[in-house]
Structures are given as structure tokens and as C-alpha cells.
Amino acid sequence: MTKFFRFCQVNNQKHTTPKQAGWLRRLLSRRPLVNVLLFGLILVLGICYLWQINVTATSGFAVKDLNAQLSEMQESQQKLQLQIADLQSLQRIQLATERLKLNTPTRLQYINNAAGAVALEK
């Protein structure tokens, strides 16, 4: 073998094309790019986490305010129901009839409406 042939053989071995690596292997071979991508991903996930925590806290305060309003309205409803019961009591009605000078009926007459007629024909 000549020196020239031996040189070509060695040169051929150095310049052979490597097998194409997968996209993940090519991506991992670029360390600065991987670092930037991971940092960006962590940053985006951190911002999403903080946003979700903020939304949850805000809705918690809104629920607390609505519960306070609900309890106030329930207390108000109970007070109004007591007031209604007091105004509809028999003693209150008797006092109102005396104050308005209304006559109490002495003779009651019940009408039997078996025919179903409401008005009289003339």
C-alpha cells in the first residue's frame, strides 16, 4: 500500500457521516437551548400557579362576603316574620276594630249556595 492510499483510507474514516440522531438527542446536545427552554417552562408554570392562587383567594373572599349577606338577610327575614305574626294576632285585630269603631256582628246568616248561582236574575 502506498502512502497516498493509506492517507485516503484514514481520511475516509474521519469524514464518514454519522447516523442521524433523534430530535430529542439533537435537542439535548444543545445545552444552552435546553436551559433556556426549561427556564421558560418553569417561569410560565410559576406564573400560572400564582394566577390560579390569586383567583382562588379572590373567589374565597367573595364567598365569605356572600355568606355574610345571606346571614344578614336570614336575620332580617326572621324579624319580618315575627312582625307579621304580631300584626296578625287576635289582640292586635281587636284593638284595631275598637280604634276604627267597627261593629261586631251579632247575627250571622250563612247562605247555602247549592245551585252554584252567584248573581240573581230579575
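The values are calculated or read from the model by the stated rules, or taken from the named source; none is laboratory data. What you are looking at is a predicted structure, and each value in this text was computed from that prediction instead of being measured. In this analysis, Cβ positions are derived from the backbone assuming ideal geometry, glycine residues included, and neighbour counts consider all displayed protein chains.
Thr104 fulfils the conditions (1) outside any loop (DSSP other than H, G, I, E, B); (2) out of contact with any Leu (no Cβ under 8 Å at 6 or more places or on another chain) except for a single criterion, (1). Contact map, segment 104-122: first residue under 23 Å from Leu90 (Cβ atoms) and surrounded by fewer than 10 Cβ atoms within 10 Å (Cβ to Cβ), second residue at pLDDT 70 or above and of a type in the set (S, T, N, Q), Cβ cut-off under 9 Å, separation 6 or more or different chains; pairs are Thr104/Thr97.
Can you tell me how many residues within segment 60-73 are of a type in the set (Gly, Ala, Ser) and modelled with pLDDT of 95 or more?
Summing the residues that are of a type in the set (Gly, Ala, Ser) and modelled with pLDDT of 95 or more in segment 60-73 gives 2.
Kindly evaluate Arg31 against the criterion of being surrounded by fewer than 10 Cβ atoms within 10 Å (Cβ to Cβ) and more than 48 Å from the chain's Cα centre (by Cα). No: the conditions fail for Arg31.
From the list Val36, Val55, the one residue that fits, being over 28 Å from the mean Cα position of the chain (by Cα), assigned to a helix (DSSP H, G or I) and not basic (Lys, Arg), is Val36. Residue check: Arg99 meets all listed conditions (1) charged (D, E, K, R); (2) modelled with pLDDT of 95 or more; (3) exposed (fewer than 10 other Cβ atoms within 10 Å of the Cβ) but one, namely (2).
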